[in-house]
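What follows is a set of notes on a single structure, which appears directly below.
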Amino acid sequence: MSAGDSAAVSAVEGKLAELSTSCDLRTLPRRGKPASARTLNTAQIPLVASHPEVYEPCDDSFALVDALLSDKAQLLALQPSLCLEVGCGSGYVITSLAIMLRQLGSGTQYLATDINQHAVETTQGTLGAHGIHADVIATDIVSGLEKRLAGMVDVVVVNPPYVPTPEEEIGIKGIAASWAGGLNGRQVIDRILPAVRELLSEKGCLYMIALEDNDPLGICHLMNEKGFASRVLLKRCTEEESLYVLKFWQDAAVSTNASQSGKSPGSDSSWLSPFRSFWHKNGSSS
Amino acid sequence: MRLLTHNFLASNVRGVSTGYPLALEVAKSSIKEVELNADFLRGILPKLDWRALVAAASAAGFPDLLAAEQPQEAELFADGAADAEGSAIRRLHHALLEIHVDEGALVCPDSGRSFPILKGVPNMLLHEDEVRH
């Protein structure tokens, strides 16, 4: 973490002390975990299966897994019964999640979905190579699970297709489904969010990657209107993109505020101001 | 796919309102033992569709594994039950988490649409004209 980042974080923390907010930025992880910490707690790259039509673990996958690792204590405390990955691709993330929560044993069960049939097979391969079991389903987002799984999932992880592309690239079969996000990279994300909100249990949490171009602040705002608090768990800039890992959870206080104000929380928005300053300062310094 | 997942899957074909439970057809199955966790079972029990589970276990070749009616919690979670061979809780655990359907199909009770299960993965992907809009 550079001195500039620390200053920005301190500024945000200062704001947080003044304002009561649902966007808690206090636990920003340091960049660059020691390799040993990662390998003990995650899937092993040499054991991750691959297929030419399946997205391989890349910076975004590592960012999501690092964010989950940074939140491991909370995940363990949650004692999730059911965990779900939407869009499991190579299987790196769901396998890593199961490895980092292995002390929960068979008290925690895992489900994973992908629209790409090569991806579900690849995920099976990765899970098997690590001796982990998850039930993998070939489906569009969570189609077929909405009714019976409503309100039952405690942890959802999503590395969505977030790359801004022409709309017609959505729906192309194969590996394109792992990245093609349509307008602002939001078209698939905006279908995933309402579906996931239905599945989350009262204590449930969603961990999702978003790109700067996806308007992560806008995503938090939208989730806030639906009664979800949010937190930026990690921000990472690569050569190509600025990635955020966002965490969402239901918060009664947020729903009350959203329903009482009767307007978008951004319009008067004390709850957003620290978030916005985090965005502004970090965005410009990195 | 384990019977736990079967219990939570419904047909997603356009025009189908219930689509549940999916009839299970099993061509190949296997058993993988896992440790029993009573807390998990206690948590999931109220959400289970017991009859769907009984039917699925029967389709997988275990017609006598589960009682026709859901056992009382007092019986399931009685002291020592988890360690007693053949107890209701061990049977429930076996049905939900140890039976794997490797090859087969899930059939929608309303439309008759068959969803294949290949290499343990149910394929719920729809054709363009089957998708709800």
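The values are calculated or read from the model by the stated rules, or taken from the named source; none is laboratory data. None of these values were measured; they are calculated from a predicted model. Virtual Cβ from ideal backbone geometry, glycine too; neighbours counted across all protein chains shown. Note: accessible area is taken over every heavy atom of the protein model, side chains too, but ligands, DNA and RNA are not part of it. Shrake-Rupley method; radii C 1.70, N 1.55, O 1.52, S 1.80 Å.
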Among rounded, prolate and oblate, which fits region A:44-99 when a ≥ b ≥ c are the square roots of the eigenvalues of its C-alpha gyration tensor, a/c under 1.5 means rounded, and a/b larger than b/c means prolate? prolate
In degrees from 0 to 90, rounded to the nearest 10, what is the angle of the helix B:50-59 Cα long axis to the longest principal axis of chain B? 80
Using 0.36 nm times the number of residues separating B:A78 and B:S114, minus their current alpha carbon distance, what extension gain do you get? 9.0 nm
A:T108 accessible area, nearest 10 Å², 1.4 Å probe? 10
For B:L24, tell me the accessible area in Å² from a 1.4 Å probe, rounded to the nearest 10. 20
Label-point separation in nm, A:C58 to B:A27, each point 7 Å along Cα→Cβ: 3.5
For A:K226 and A:A77, what does the FRET efficiency come to when R0 = 30 Å and r is the distance between their Cβ atoms, rounded to the nearest 0.05? 0.80
Heavy-atom accessible area with a 1.4 angstrom probe orders B:H127, A:H51, B:H100, most exposed first, as B:H127, A:H51, B:H100
Greater than 26 Å apart at Cα, pairs in A:K203/B:K28; A:K235/B:K47; A:K72/A:K235; A:K173/B:K119; A:K147/B:K28: A:K203/B:K28; A:K235/B:K47; A:K147/B:K28
What's the extension gain from B:E69 to B:K47 if we count 0.36 nm per residue and subtract their Cα-Cα distance? 6.4 nm
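Once you sort the root eigenvalues of the Cα gyration tensor of region B:1-97 as a ≥ b ≥ c, which label holds: rounded (a/c under 1.5), prolate (a/b larger than b/c) or oblate (the other case)? Intermediate results must be reported in sequence, preceding the final value.
Working: a/c = 2.13, a/b = 1.63, b/c = 1.31.
Because a/c hits 1.5 or more and a/b exceeds b/c, region B:1-97 counts as prolate.
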For region A:171-251, run through the trypsin sites (Lys or Arg not before Pro) and keep only the ones in DSSP coil with at most 16 other Cβ atoms within 10 Å of their Cβ. A:K173, A:K226
In nm, to one decimal, how far is the B:V131 label point from the A:A129 one, both placed 7 Å along Cα→Cβ? 3.1
Which residues qualify? For A:A49, with a placed amide H closer than 5 Å and at least 5 residues away or on another chain, they are A:T126
Please list the non-local residues whose amide H lies under 5 Å from the amide H of A:V163, H modeled 1.01 Å from N, same-chain partners needing a gap of 5 or more. A:G181
Largest-first ordering by accessible area, 1.4 Å probe, given options B:E35, A:E225: B:E35, A:E225
Can you compute 3J(HN,Hα) from phi for each residue in region A:238-252, using the Karplus curve 6.51 cos²θ - 1.76 cosθ + 1.60 with θ = phi - 60°, rounded to whole Hz and x for Gly and Pro? 9, 4, 9, 8, 9, 9, 10, 10, 9, 10, 10, 8, 6, 9, 4
In order through region A:139-152: 3J(HN,Hα) via Karplus (6.51 cos²θ - 1.76 cosθ + 1.60), integer Hz, x for Gly, Pro: 7, 7, 6, 10, 4, x, 10, 4, 6, 7, 9, 4, x, 10
Rounded to the nearest 10 Å², the 1.4 Å probe accessible area of A:M152 is 20
From the protein chains alone at 1.4 Å, what is the descending order of accessible area for A:L183, B:L9, B:L125, largest first? A:L183, B:L125, B:L9
Can you list the residues, at least 5 places off or on another chain, whose amide H is less than 5 Å from the amide H of B:D102, using H built in the peptide plane? B:K28, B:S29, B:S30
Ordered by number, the residues of region B:26-45 that have at least 50 Å² less accessible area in the complete protein assembly than on their own chain alone (1.4 Å probe) are B:F40
Using θ = phi - 60° and the Karplus curve 6.51 cos²θ - 1.76 cosθ + 1.60, what whole-Hz ³J(HN,Hα) does each residue of region B:83-99 get, with Gly and Pro shown as x? 9, 8, 3, x, 5, 4, 5, 5, 5, 4, 4, 4, 5, 6, 10, 10, 8
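At most 14 other Cβ atoms within 10 Å and a DSSP loop assignment: could you name the trypsin sites (Lys or Arg not before Pro) in region B:28-62 that fit?
Details: sites: B:K28, B:K32, B:R42, B:K47, B:R51; in loops: B:K32.
Passing both the DSSP loop test and the Cβ count: B:K32.
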To the nearest 0.05, the calculated FRET efficiency linking B:E85 and B:T18 through their beta-carbon distance, R0 being 41 Å, is 0.60
Contour minus end-to-end for A:I172 and A:A253, with contour as 0.36 nm per residue of separation and end-to-end as the Cα-Cα distance? 25.1 nm
